[in-house]
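Right, one structure below, let's go through it.
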Amino acid sequence: MRCPNCHVELKFSDAHRQKISEALAKLGPGKGVRVTCPQCRQPFSLDDKTWQAVEGRQPAAPQPSPQPQPEAAPAIAPPPPPDLSWLSGGEFDREEAIEDIPVAMLLIPDEAQRQQVAATFTELGYQPLTFTSAEAAIERMRFAAIGAVVLHTAFEGRPLAEAAFHRHMCRMGMAQRRYIYYIIVGPKLHTLYDLEALSLSANLVVNERDLDYLDVIVRKGLADYEDLFGPYLAALQEYGKK
């Protein structure tokens, strides 16, 4: 299949195909996962019907015939079978990121709110990862592509303008920042208020009392973001820039 954004032919390894199939199976019929193109780094939705078509067009490559070994060469033992101990838990370790599924970083101190937000982003096709310190979250961003960030204003226990993680997001270079959907949650914010989000250098603001509707809020926010910045990002890709 080809990326719907940059139209580059996508090649999936057997391991990636297995993980995407497992993720789609957990979401159920009619649901999709968000896959990030390794070429343009733009996410897109991949549903079960499309994936079945991809599987039908991309059969596993045939294994090459074993080459005869010189008589003097010692026999080489094949690698052992994969460890399936994780099957007993019903799912793989959430810290083991699926490379083609975008990551959503959650920096939320309240456990109930954190679980609620994590469930929402799982349904949206993201892999949620939670952090307990700004330092750990900033360090993770240096080595991994992040699709979305949800920060609660009380995460560091100080005003947002003085919070280390928020300051890191505000100072981030646009080559990285423009591909991260930054959401700030707090008790004094006004949900979907674009001017307030702009003043905080965020893409979306959500009042915590509206977290029950987070799924709808994020979908609308992402749609508005795509309408506003989609042509610009497409133009950047056309000229080979990020």
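Apart from one condition, E139 fits all of (1) surrounded by fewer than 17 Cβ atoms within 10 Å (Cβ to Cβ); (2) more than 15 Å from V103 (Cα to Cα); the exception is (2).
Among the residues making up the stretch 154-166, a single one is surrounded by 22 or more Cβ atoms within 10 Å (Cβ to Cβ) and either out of contact with any helix residue (DSSP H, G or I) (no Cβ under 6 Å at 6 or more places or on another chain) or part of a loop (DSSP other than H, G, I, E, B) (or both): F155. T191 falls short on exactly one of the conditions (1) modelled with pLDDT of 95 or more; (2) buried (at least 18 other Cβ atoms within 10 Å of the Cβ); (3) over 30 Å from A25 (Cα atoms); (4) not small (G, A, S), and that condition is (1).
Quick grid of which residues meet (1) modelled with pLDDT of 65 or more; (2) loosely packed, with under 13 Cβ neighbours inside 10 Å; (3) touching a Ser or Thr at 6+ places or on another chain (Cβ under 8 Å):
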site: A77; (1), (2), (3): yes, yes, no
site: S85; (1), (2), (3): no, yes, no
site: G90; (1), (2), (3): no, yes, no
site: D93; (1), (2), (3): no, yes, no
site: I98; (1), (2), (3): no, no, no
site: V117; (1), (2), (3): yes, no, no
site: F121; (1), (2), (3): yes, no, no
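Please verify whether E196 is out of contact with any helix residue (DSSP H, G or I) (no Cβ under 9 Å at 6 or more places or on another chain) and open to solvent by 50 Å² or more (accessible area, probe 1.4 Å), treating the condition exactly as stated. No.
Answer with yes or no whether M169 is loosely packed, with under 14 Cβ neighbours inside 10 Å and of a type in the set (A, V, I, L, M, F, W, C). For M169, the condition - loosely packed, with under 14 Cβ neighbours inside 10 Å and of a type in the set (A, V, I, L, M, F, W, C) - is not met. Among the residues of the stretch 142-153, those identified as touching a Leu at 6+ places or on another chain (Cβ under 8 Å) and either open to solvent by less than 20 Å² (accessible area, probe 1.4 Å) or outside any loop (DSSP other than H, G, I, E, B) (or both) are V149, V150, L151, H152. Residues that are in contact with a strand residue (DSSP E or B) (Cβ under 7 Å, 6 or more places away or on another chain) and within 28 Å of D47 (Cα to Cα) occur at least once in the stretch 150-165.
The values are calculated or read from the model by the stated rules, or taken from the named source; none is laboratory data. Keep in mind that what you see is a predicted model, and the values were worked out from it rather than measured. Methodologically, a virtual Cβ is constructed for each residue, glycine included, from the backbone with ideal geometry; neighbour enumeration extends over all protein chains shown. Side chains included, ligands, DNA and RNA excluded: accessible areas come from the protein's heavy atoms. Shrake-Rupley method; radii C 1.70, N 1.55, O 1.52, S 1.80 Å.
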